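Here's the structure, in structure tokens; my notes come after.
The values are calculated or read from the model by the stated rules, or taken from the named source; none is laboratory data. Fair warning: this is a prediction, and the values are worked out from it, not measured in the lab. Here the Cβ positions follow ideal geometry from the backbone for every residue, glycine too, while neighbour counts run over all protein chains shown. SASA here: full protein model, heavy atoms, side chains in, ligands and nucleic acids out. Shrake-Rupley method; radii C 1.70, N 1.55, O 1.52, S 1.80 Å.
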Amino acid sequence: MRFLKATIAGGLLFLLPVVLVLVVLGHAMRVAGKVAQPISALLPDALVGAVTATVIAALLLVFISVLAGLIARTNAGKRLMRLFESSMLGGIPQYQLVKSVAEGLAQVENAAGLKPALISIEGGWQIGYLLEPLANGWVAVFLPQAPTPMSGNVMYLPTDRVRPLEISMVKAMAIVKHMGVGSGEALRGADLTLPAGA
């Protein structure tokens, strides 16, 4: 029963932010659909229909998201976002979770120096991300927890416990997401000799 309760609680905590995002997207699609109706009325009769209005609404949402993203990069946009977070959104755990995931994904997309690597942990190897070199022969790494490639721990290790991989970040994240499936191809030819003292 304890296992069942813990599993249900974990499932609910996982689903809450997903449901929140779906509810927000549902409302956004309804609003965008109302805006899209006059636009679809301007199109030729052969193209008009329920599908056309939905497609226009989806494209409108994408356009608004891109526009909001551009505004969020400006100083005024950042100030406005900080104001919202400190006044209303900061106390909502689901918002904080979604925000941290989005920020993590943005950092992965923007970090040119981020590289997949094998990390020697407890007498074996774990796939991780090499973040940056530190002083005195140490490096900062991120160890993802399968099946969520953006959830895990930051560790600081000696360089001899880290082996960069010749695969893309997309491939490394896919391996984590699929709980190791695809490792054989990705690690073909990799040196799996453990460092001395491991």
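Overview of results
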{"read-out": "From I167, I175, residue being open to solvent by less than 60 Å² (accessible area, probe 1.4 Å) and either of a type in the set (K, R) or part of a loop (DSSP other than H, G, I, E, B) (or both)", "value": "I167"}
{"read-out": "Of the criteria (1) modelled with pLDDT of 90 or more; (2) open to solvent by less than 40 Å² (accessible area, probe 1.4 Å), which one R161 fails", "value": "(2)"}
{"read-out": "Count of residues meeting criterion [touching a Leu at 6+ places or on another chain (Cβ under 9 Å) and farther than 17 Å from G123 by Cβ] in the stretch 160-174", "value": "6"}
{"read-out": "Condition check for G189: closer than 14 Å to L118 by Cα, part of a loop (DSSP other than H, G, I, E, B) and under 19 Å from the mean Cα position of the chain (by Cα)", "value": "no"}
{"read-out": "All positions within the stretch 144-158 that are open to solvent by 70 Å² or more (accessible area, probe 1.4 Å) and not aliphatic (A, V, I, L, M)", "value": "Q145, N153, Y156"}
